[in-house]
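This report refers to the structure that appears directly beneath it.
The values are calculated or read from the model by the stated rules, or taken from the named source; none is laboratory data. Treat the numbers as computed from the prediction; the structure is a model and nothing was measured. Here Cβ is always computed from backbone atoms with ideal geometry, including for glycine, and neighbour counts include all displayed protein chains. To get the accessible areas, we keep the full protein, side chains included, count just its heavy atoms, and leave off ligands, DNA and RNA. Shrake-Rupley method; radii C 1.70, N 1.55, O 1.52, S 1.80 Å.
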Amino acid sequence: MDDLERELRDLSAWLATPEPPDVTARVRARLAALDEARRLVRFPIRTPTVLGPPEQVLLADPDDTGGHRVASLLYRAGTLRLDIFDGRLDPVFVKQAGGSDAEWTQVGAAQAIWIGGPHPISYIDRDGVVRQASGRLAAATLIWEDAGVTYRLEGDLTLAEAVAIATTLQ
């Protein structure tokens with residue numbers, strides 16, 4: 001053992017380190033909010049395993065059954081957002097998104113659109129009604145559809161980071 005290592009080991013006995021905070025209650029509250037959201041929508045809410053439980057879950061666009069058509073999962077103090085829409089992408093949006101700021105990519109087997117900045121989005125809900133939603137963050141966005149549900153991951157991410165997150169949905 002060299003002198004520095006010996007001195008650090010001796011010093012460690014004199015240092016007081018605080019106990020780690022108990023985050024159990026906060027994690028349970030976050031999980032309970034995600035479970036409650038799942039009860040209030042007619043589509044599966046899948047979460048990215050690499051991000052863990054969302055910090056906040058928001059529901060929007062109520063339907064006539066008391067449920068909601070949009071669930072938003074917020075991470076990183078709200079700077080990373082996964083919107084989940086009950087419906088498929090509007091073909092008009094897909095054509096409009098093909099502009100210079102858009103890049104086509106894949107999330108698993110699904111075709112996806114990567115857009116480098118804020119933008120409006122249209123989706124068709126399960127009843128066939130076209131719904132409009134505006135860009136929520138001034139950040140890049142990855143949009144894809146899977147099994148009749150549209151996902152929109154928005155935040156300060158690179159394309160590779162966004163795809164890596166998106167492929168962990170469960």
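Among the criteria (1) in contact with a Lys or Arg (Cβ under 8 Å, 6 or more places away or on another chain); (2) loosely packed, with under 12 Cβ neighbours inside 10 Å, the one residue 41 does not fulfil is (2). For region 58-80, which positions are crowded, with 16+ Cβ neighbours inside 10 Å and basic (Lys, Arg)? Result: 69, single match.
Residues of region 22-33 include none that is open to solvent by less than 40 Å² (accessible area, probe 1.4 Å) and under 25 Å from residue 131 (Cβ atoms).
Looking across region 97-138 at every residue that is modelled with pLDDT of 65 or more, among the charged types (D, E, K, R) and closer than 20 Å to residue 87 by Cα, the one that is least open to solvent (accessible area, probe 1.4 Å) is identified as 125.
It is to be established whether one or more residues within region 38-52 are farther than 30 Å from residue 86 by Cα and of a type in the set (D, E, K, R). Steps first, answer last, please.
Step one: of region 38-52, the residues farther than 30 Å from residue 86 by Cα are none.
Checked region 38-52: no residue is farther than 30 Å from residue 86 by Cα and of a type in the set (D, E, K, R).
None of 36, 55, 5 is of a type outside the set (A, V, I, L, M), loosely packed, with under 10 Cβ neighbours inside 10 Å and either at pLDDT 85 or above or at negative phi (or both) except 5. Total residues in region 1-59 satisfying the condition of being aliphatic (A, V, I, L, M) and part of a loop (DSSP other than H, G, I, E, B): the figure is 9.
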